[in-house]
Amino acid sequence: MRRKSQKHSMHHRHSRGNVLILVIAVMCFIVLPVAFFTQQFVRTTGSQQEQRTAIEAASMAVAKDLQRIVIDDPNFGLISLSDCPPVGKDTKAQDNWFCNVRGINTVLGTIRLDMIISDQLNSTIMRLACDRDYTNAMAAKNRLVTLLQASIKPGGGGQDIDGNPVNPYDDAVAAYESNLIRMEGGKSTLVANSLKITLGWEDELYTNTVVPYPASIASLTVAQRNQNCYKSFVDCPYTFKGTPYTKRDFVFAAIDTDVRLVDWRTFQTGNGSMPYVIPSIVKCEADQQYTTVQPASGKETHTIHCVACAEPASLGDHLPAPGALAIDFPMGTVTGINSLMDIFCSNQVMKSPTDLLLTPPNGDSPPGGLVQISPPPLNTVVAPPNNVLHPPFGYVLALAVYDWFRQAGTNVNVASLINAFTLPFVPGIPANLPQIQQYQFDLSGNIQQSVQPYGKGITRPVSDKQLYSRSGLVYLGPPTLPPANRSIYDVYVKDFVYQPGRINGGKHAGEVPGDPIPPFNNGPPDPYGREIDELTNAGTFPSGPPGGAVRPTYQQKTGISVDILFRVRTVQMPP
């Protein structure tokens, strides 16, 4: 019985030994290879994720760089893919105030909106001004795209609003390498010179550029808009109504409110079916090497190629105070002129010849002098040599009003603007007292009317390289008045925002200047021998500190973009 038990125990031990041998065999021939395969698979997929994380970081770094690059355009001033408020140290105008940066989508959206407004107001000169701006915008778009394409090459770059260098290629490499995750047991590196950056476009992306409001006048289909913003990389043309002009094409770049990744599989280059493209989508691709250890062959080197695309961003610039349109009555309101519409429906005002069309070429006037000019588009409304220097005064007024609402960008409520022309002047100051009727845009693009006292007698000078015009004996009052009661008025126009930018826009870069301050300056003599008494006692526009600062009129609704003044003559009509 004891011998049998011992035999059974030995058999049991022998069985357990066989099981152990079987387990070891399974581990060696099945489990360990699977485990090794699993480890290698994890390493491989880990390296792929590592490379994808790196390439995505690189593409987003380039997108962030591209939205920082700024160019100085002669016709629009500082432009970029992104709007930017006036905070950059390298954006100072000659008067030491910072200038804001206009995104290229904002430039295009403003022109398209202004075309619609010009049609709503049925203004020939406004249509011509839009077409001038459109031609200039196409040139500005080409300059920007050329610089962006050059900046993504190795060694390429640009500058930001502070004058700092922006080097997209170098930043892409740095972002890629800083995001490499070293996998345990392997080594991963970027293949030298394998990083490639391309700019292009994709379907079904959007912008944050608002469409004209109300929607009934936007001239857009559902395929051209995403709620209240334009779709990108879709032609949104506009054709002036009732004119022989051909349609003008508007293709907006894909720019979102945040930098984000987009699908690299739908990336395209070229123009497709569009008339032109602003290639804002960044495609980054690169090769990455990693090393694994195989049981049979030892170390093996593998190469992975991955791609990612990113879209730049713009927070937009909502232009809190784009400047007012001011109608000045230094001797009280004018009989028969009770609204903007009364001015633009007066044949006396609109058809009178422009006596003087001037600009100060060397600083504000006064103290600088004034020279006669015939600027675009006013030089196109009358065929030379017939009165090119003396177009109908209504064209000068219309151009000034155009420059005023152009300054407000894409945010103008068209219905509110059109309605403002018919609304009567705001009461509050007796009609016989000096006053200024003002029209301002609020943050929603609606017109806000107000009436202000005429002031302390400090006249605004003519802004450097901007427009100043006069038509004498232009308004005699309504014909229903007795001749003895009909005063004679001269009308003056000061357009402070006719020419934007630091290159062509003069000392103030075509921005809204602040209220004039002493010392006073006497107005320069008229180049034709007649004194321009309107500029007597003109103040001086304030300058910023040497290091620069935000122009106060950018945020405070105290600035005036365009000033139209009715000044009574001392001589009345003969009885």
Amide H proximity to I560 below 5 Å, modelled H, separation 5+ or other chain, gives A324
With a 18 Å threshold on alpha-carbon distance, the violating pairs from K92/K494; K64/K283; K196/K283; K465/K494; K64/K153; K153/K231 are K92/K494; K153/K231
Expressed as a percent, the accessible surface of segment 195-325 that is carbon or sulfur, using a 1.4 Å probe and the full set of protein chains, is 52 percent
Result for segment 90-166: accessible area per residue, probe 1.4 angstrom, in square angstrom, of 32 Å²
Ordering 510-518, 557-565, 197-205, 444-452 by per-residue average of other C-beta atoms within 10 angstrom, highest first, gives 557-565, 510-518, 197-205, 444-452
Relative contact order as a percentage, segment 109-256, C-alpha pairs under 8 Å and 6+ apart, gives 20 percent
In order over segment 115-126: 3J(HN,Hα) from phi, Karplus 6.51/-1.76/1.60, θ = phi - 60°, whole Hz, x for each Gly or Pro, gives 5, 5, 4, 4, 5, 4, 8, 6, 10, 5, 5, 5
Between the alpha carbon centres of segment 198-243 and segment 394-468 the gap in Å comes to 29 Å
Applied in sequence order to segment 553-565, the curve 6.51 cos²θ - 1.76 cosθ + 1.60 (Karplus, θ = phi - 60°) yields integer Hz couplings, x standing for Gly and Pro, of 6, 5, 10, 9, 7, 10, x, 10, 7, 9, 10, 10, 10
Karplus-derived 3J(HN,Hα) from phi for segment 508-515 (6.51 cos²θ - 1.76 cosθ + 1.60, θ = phi - 60°), whole Hz, x at Gly and Pro, runs 9, 6, x, 8, 6, x, x, 5
Once the in-chain neighbours fewer than 8 apart are removed, the aspartates and glutamates whose Cα is under 14 Å from K557 read D442, E511, D515
Scoring segment 201-262 by relative contact order with C-alpha pairs under 8 Å, at least six apart, yields a percentage of 35 percent
At the level of C-alpha centres, the distance separating segment 64-103 and segment 326-379, in angstrom, is 30 Å
Filtering trypsin sites (Lys or Arg not before Pro) in segment 429-473 by DSSP loop and by at most 11 other Cβ atoms within 10 Å leaves K456
Relative contact order in percent for segment 56-98 (Cα pairs under 8 Å, 6+ apart) equals 24 percent
With every protein chain kept in place and a 1.4 Å probe, the residues D317, D95 fall, from largest accessible area down, as D317, D95
Once amide hydrogens are built 1.01 Å from N within the peptide plane, the residues lying 5 or more places from R260 or on another chain with amide H under 5 Å from its amide H are E311
Counting only residues 5 or more apart in sequence or on a different chain, those whose built amide H sits under 5 Å from that of Y213 are V414
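The values are calculated or read from the model by the stated rules, or taken from the named source; none is laboratory data. Note that the structure is a prediction, hence the values are computed from the model and not measured. Methodologically, a virtual Cβ is constructed for each residue, glycine included, from the backbone with ideal geometry; neighbour enumeration extends over all protein chains shown. Remember, those area values only see protein heavy atoms, side chains included, never the ligands or the DNA or RNA. Shrake-Rupley method; radii C 1.70, N 1.55, O 1.52, S 1.80 Å.
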